[in-house]
Amino acid sequence: MTTLLKLDRLSKAFGAVTVADEQSFEVKENEAVGIIGPNGAGKTSLFNLITGTLPPNSGSIEFNQRNVTSWSAARRSHAGIARSFQVPQPFSGLTVYENAMVAATQAAGLSGRQAARHCLEVLDQTVLLGKANTEAGGLTLLDRKRLELTRALCAKPKLLLLDEIAGGLTEDECQLLVQTIKGIHTSGVTIIWIEHVVHALMAVVERLIVIDFGKKIAEGEPQAIMDSPAVKEIYLGIEADA
């Protein structure tokens, strides 16, 4: 498979606090990769570096065979990088459909019937078509999460970054969202997913990366990573020799 994203010794620090410590890894086209780590490990900062909202101190980012390290967030978005946020922040006064149209026109550059058709297809995919005319401010948490997915997908991404999208949901809601994300991945979208709800992550991803204090400490097949004594100690708080 072709490499879609490549990080090479990517580093970022704020004074004495390092949020990315020579991060290096690759993500192949059509792959689903999970990232786990304790709070403050640098997971969201890593997404900010990938999307261009945070500049690195050193290292490089390649996306779709192009060096995008110096590119703006807007240019990376137009190139095919989209993300969701931990706390959904839709345009509350707009309808679900209007929120989708903003992404389709501004990020994907679509217009007219093409934009409308794309939005309706995505809304169907994210199980929000029946609520297209509902104001976003009145949605349940699950549907706000779905709208986060919708807005990201309406940008027509090659790479979708999901930041703790399952957080705060009930078990049943989480399972519904997982099914939607599986469908998105099956449709050909490459995914990197940060998540604390590990069982949701394990249902989708083919590879796990573990980071702590901005540094990658483990990478590999999901179950093998979760069974690792070092990961249990750092991520789960269990002594390695317990």
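For this structure, a couple of remarks:
- Neighbour counts of C-beta atoms inside 10 Å place His199, His118 in the sequence His199, His118, starting with the fewest.
- Note on Glu233 and Arg75: the extension gain reaches 52.9 nm, defined as 0.36 nm multiplied by sequence separation minus the Cα-Cα distance.
- Residue-count net charge about Gly138 - beta-carbon cut-off 14 Å; Lys, Arg +1, Asp, Glu -1: 0
- Around Leu162: net Lys/Arg minus Asp/Glu count, Cβ-Cβ under 10 Å: -2
- Computed over the chain, the per-residue total of -39500 (n - 2.57) for DSSP H runs of n ≥ 4 gives a 222 nm mean residue ellipticity of -10500 deg cm²/dmol, rounded to 500.
- With Cα atoms, 0 to 90° folded angle of helix 112-125 axis to the chain main axis: 60 degrees
- A Gaussian network model of the chain, with springs between Cα atoms under 10 Å, assigns the largest mean-square fluctuation among Gly137, Gly15, Gly109 to Gly15.
- Gyration tensor (alpha-carbon) shape descriptor, segment 157-219, a/c threshold 1.5: oblate
- Based on the convex hull around the alpha carbon atoms, segment 64-103 presents an average projected area of 3.8 nm².
- Modelled spin labels at Ala116 and Gln89, positioned 7 Å past Cα toward Cβ, are 3.1 nm from each other.
- The ellipsoid that matches the Cα gyration tensor of segment 57-213 has semi-axes, each √(5λ) in whole angstrom, of 24, 22, 14, with the longest given first.
- The ranking of Thr190, Thr2, Thr134 from fewest to most other beta carbons within 10 Å of each one's beta carbon is Thr2, Thr134, Thr190.
No value in this document is a laboratory result; all are computed from the given coordinates. Bear in mind the structure is a predicted one, so any value in this text is a computation, not a measurement. Neighbour counts run over all protein chains shown; Cβ positions are idealised from the backbone, glycine included.
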